[in-house]
Amino acid sequence: MDQDDIAYRKSVRNMSVFLAVIVIVIFAAIFIPPYLNPASDVFPSSVSFGSGIGFIMHLTVNSTDVGPLSSVLLTGWVNSSSDSGVNINASDSWAVPQGRLWQPPCLNGFPIGIGVMSGHYTIDNYTLGTLLQPATSRAQCLVSGPPQYFLFYPHQSSIAAAVVNGTPYRWSMLMNVSLGQYSLAPNSVSGVPGPQGLPAGVYTAVLADEWGDVLTANFRVS
């Protein structure tokens with residue numbers, strides 16, 4: 001085998017290795033789960049979104065980088081985007097499983113809920129994640145059925161009249177979730193949540209409403 005043939009075979013082999021590396025990099029960028037490659041090291045503590053049906057969603061995280069034994073306070077609310085108030089018919093078009101959201105235990109038909117996913121997700125790919133199971137029970141009381149519609153108060157208010165069978169109830173469309181020890185069902189996150197707190201990693205907080213809107217924020221447990 002002459003030197004030209006050897007050099008040619010070596011060139012072909014090197015090119016094959018180079019192309020294989022490119023294919024592996026592209027495959028990893030597309031298919032490796034987001035929680036293995038967070039897009040950002042610094043996360044905003046407050047996000048908002050204007051729904052097309054007449055209100056604005058808000059989601060805040062009290063700290064975006066906490067220790068393993070610390071609690072994370074998640075606050076989500078919606079408020080009217082109209083200075084004259086807004087009347088919104090009730091719906092049941094949740095974009096995520098409602099049973100995996102924290103909601104007030106005694107308000108049947110409460111239209112928003114907060115959930116948490118293990119991993120780094122955004123509004124663009126949250127459907128790839130799985131909401132962790134809350135440890136709280138889902139009691140229902142105070143009202144006999146879900147509201148037929150909501151009358152949001154004017155001037156950016158998060159107060160709404162939830163009308164059930166013609167009777168108005170004054171609801172605050174705001175809720176807090178303190179996520180820490182014992183807040184998740186067993187085996188929700190690679191083990192049993194307990195005194196050790198949440199495993200280290202990036203998490204995604206999710207605020208969802210019954211009209212199909214979703215808002216996400218991220219935090220890290222280190």
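Report the FRET efficiency, 1/(1 + (r/R0)^6), for SER82 and ASP41, where r is their Cβ-Cβ distance and R0 is 30 Å, rounded to 0.05.
So, using R0 = 30 Å, E works out to roughly 0.20.
If r is the Cβ-Cβ distance from ILE56 to THR122 and R0 is 25 Å, what FRET efficiency results, to the nearest 0.05?
0.85
A short reminder: the numbers here are calculations on the coordinates, not readings from a lab. Treat the numbers as computed from the prediction; the structure is a model and nothing was measured. Don't worry about glycine lacking a Cβ; one is built from the backbone with ideal geometry, like all the others, and counts go over all protein chains shown.
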